[in-house]
1. Within the stretch B:136-165, track down each residue that is under 25 Å from A:GLN340 (Cα atoms), more than 7 Å from every other protein chain (Cβ to nearest Cβ) and either touching a Pro at 6+ places or on another chain (Cβ under 6 Å) or among the aromatic types (Phe, Trp, Tyr) (or both).
2. Filter the stretch A:78-114 for residues that are surrounded by 24 or more Cβ atoms within 10 Å (Cβ to Cβ) and among the polar types (S, T, N, Q) and give the result.
3. Go through (1) within 14 Å of chain B (Cβ to nearest Cβ); (2) in a helix (DSSP H, G or I); (3) closer than 20 Å to A:MET99 by Cα for A:GLY221 and report which single condition fails.
4. In the stretch B:122-178, how many residues are modelled with pLDDT under 95, among the aromatic types (Phe, Trp, Tyr) and in a helix (DSSP H, G or I)?
5. Quick one: B:PRO205 ticks every box in (1) in contact with a Ser or Thr (Cβ under 9 Å, 6 or more places away or on another chain); (2) surrounded by fewer than 18 Cβ atoms within 10 Å (Cβ to Cβ); (3) on the phi < 0 side of the Ramachandran plot except a single one, so which number is it?
6. Tell me, please, whether a residue that is closer than 30 Å to A:LEU59 by Cα, of a type outside the set (S, T, N, Q) and crowded, with 21+ Cβ neighbours inside 10 Å can be found in the stretch A:150-157.
7. Suppose the filter is over 27 Å from B:SER342 (Cβ atoms), more than 14 Å from chain B (Cβ to nearest Cβ) and surrounded by fewer than 20 Cβ atoms within 10 Å (Cβ to Cβ); does A:GLY189 pass it?
8. Could you please give the count of residues in the stretch A:325-346 that are free of Cβ contacts under 8 Å to residues at least 24 places away in the same chain and surrounded by fewer than 20 Cβ atoms within 10 Å (Cβ to Cβ)?
Amino acid sequence: MSSSTLTPPGGAAPAGQEAHTARERGRVLPFPVTGQEIVLLVVVAALWVALALATPAFLTRGSIVPLLVAMAPVALIGIGMTVVIITGGIDVSVAGIVMVCAVVVARAMVGSGISLPVAVVLSVAIGGVLGLVNGVLIAYGRVHAIIITFGTANLFEFLGLRLFGGTTVDNIPGTLAFFGRGEAGRTLGIPHSFLIMLLIAAAAWYYLRHTPGGRHMYAIGGDADAARLAGVKVQRRVVSAYVLTGLLTGLAACFVIARGTSTLAPNVGAGIELAAIAAVVIGGTSIMGGRGSVLGTVLGALLVQTVTSGVTQLGWRSQLSALFIGIFILIAVGADLLRQRTRRTT
Amino acid sequence: MSTAVSPEAPAPAPRPDDGSAPSESRLRQLPALLLRGLLTQRIVLLLVLLAAVVVTFLTLSARNYLSAPYDAGYLSVTLISAVPLVMLGLAELLVITSGRGGIDLSVGAIVSLTSMVFGFAYGEWGWPLWSAIVLAAAFGGLCGAVNGFLIAYIGYPALITTLATYYAFSSLAIVINDQQPISTRPIQEFFSAARSVPVGGGEDPLQIPLGILTFLLPTAVVVWLLLNRTTYGRRLYAIGTNDVAAEWTGIDVRRTRFTAYVAAGVISGLVAVVTVAQFASARPDAGVTGSGMALPAITIAVLGGVAITGGIGRVAGVVLATLLVVWLNAGILLAVPGNAGSQYQLLALGVVLIAAALLNGLANRRYGRTG
């Protein structure tokens, strides 16, 4: 499968050859947008129209900007989680990574007043190291990812709680306002965190779809043994998937600090791993590995956040949003199952 | 265990020795045999770890390093926290053993929702205790049936289904009574079900939590009988090991898997009754506060030697793993005072789980797949 993607595009190639490769590529790769993603887009659009009709306040800047700022970290973690799930794994320790990164960065900002780039680099680096721990244990320990990440989730949470030391971190300076929901966090009215997430999503989409490394992720998820026999360095690729998730989670931790108040409580990040997995699954990525896309994950995160904001703005109990998210997960996975079954029978 | 005495490993080359050769080579193999037993027999490993933990803390206690004595009395009182852990661990045992990625993330949410239902029946509508307990078990079974139907009959992946029902059930539990706990008089008096009772004679009998006798032991015995003495148990192991082969031998794979999820739901319903008694209140977030009840239960099951791929798992492993975790946690609480104690419990749980999982992988590679 990698024969076409591995062919160097090379500008010197004759025109006929060029067209041949392009045609071949079009056959090997699925259509850029899957059916599930189109349906998701329609569902999100329908929800937005319905919410706009129900509460006029929904389609205002005061409502949309917080929605986009709130969805950015979930979508960002979801991008990494998509790659991990495509390889057939899962990472339930991201909430612990968010916690460790957030408390270290917040303490550094309060204690030594570090600048914005230093804070981001620090957070991303810590996230990468924690992701590396996951990746090495999973790839070289040859243990199922869910068990290892349950274990490291406990370890990271322990680390985070020790760093918090039983109190909250107070008086956090506004260094990260660039990612926040305030005036400093927007360009042309669009929040920076959302834009950065979109850029990373586009890069990840290209990586997964058009580079050998990305195709290898799908191959590993489809059949790890076959991938190894075909020459894929399975263990190294798996480690890189978890490191990528760690790096993105580190950046997401900066977004999480920025969207909050000047106080950071020890419950930061709680539940974000399930929200990210929900976004990935609603986006049509198969939990069995080998199938999925980043575009779907971003739409899934948007759907989850729309439901959450919508429920609050309609004046319903905010906990009802969890019920709707659960139902959406079941519908999304059910639609995927149905499509697979019809494809197999036809 | 005794079967391990006949190793299939490359037998030592026959030595031109005198008559004492067999016993001597047997003796020389002893360390290797012990290592093999430790690595492949999870029960043996857990027993050794359990003994190590208890002896360590007894020694620390004897030298006054701990804030309170770590003795038989303390050990038996701390068993109260083992009741929900063992029961949910057994629920996960049934579900994970059923194979095809079987797992149940929703047990904590079922506990929350069933707590509220039990609270309504016993605390508000004035049902008699036994019928309220039956209702809780039946309702838990109904929640499990939702999972089981979607997973076994429609073919949803278990991880995703139970993630979705985790969201749905925990949301319903909070909304059903407007976020308020139920703690009317009958519920408060139900706290007596969580008291300790003296067991054994003498002037200083051990205080055993009542929940051990009324809930934990019956559940453990029933699950053990189900797995080891009924055809259902053999079918469950069969579909977990290879569900295509099981299908071809005429087993109703779907129904067997469905029943495993229903049983997990019933057990979760009973755990709800236990938690209502412990809190003296039916709390809408009983099973999902903090890291919830599902993750510790899965951890216990994996530590107890349940293979995440299905088909392997024993009741004794789950019980021993719980004892290990509970008594380790109890010791940590005495050794590390204050808030830090509960944090070091997280560290201990994480390290033990990862070490056990890595050891499992090592044993599988060295000796092949074993229980």
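The values are calculated or read from the model by the stated rules, or taken from the named source; none is laboratory data. A quick note: this is a predicted structure, and the numbers were derived from the prediction, not measured. Note: ideal-geometry Cβ built from the backbone for every residue, glycine included; neighbour counts use all protein chains shown.
1. B:PHE149, B:TYR153, listed by residue number.
2. Within the stretch A:78-114, A:THR82, A:THR87, A:SER93 meet the criteria.
3. All conditions are met except number (3).
4. Number of matching residues: 6.
5. Failed condition: (1).
6. Initially, the stretch A:150-157 is screened for residues closer than 30 Å to A:LEU59 by Cα, giving none.
No: zero hits.
7. Working: over 27 Å from B:SER342 (Cβ atoms): yes; more than 14 Å from chain B (Cβ to nearest Cβ): yes; surrounded by fewer than 20 Cβ atoms within 10 Å (Cβ to Cβ): yes.
Answer is yes for this residue.
8. Counting residues in the stretch A:325-346 that are free of Cβ contacts under 8 Å to residues at least 24 places away in the same chain and surrounded by fewer than 20 Cβ atoms within 10 Å (Cβ to Cβ) gives 12.
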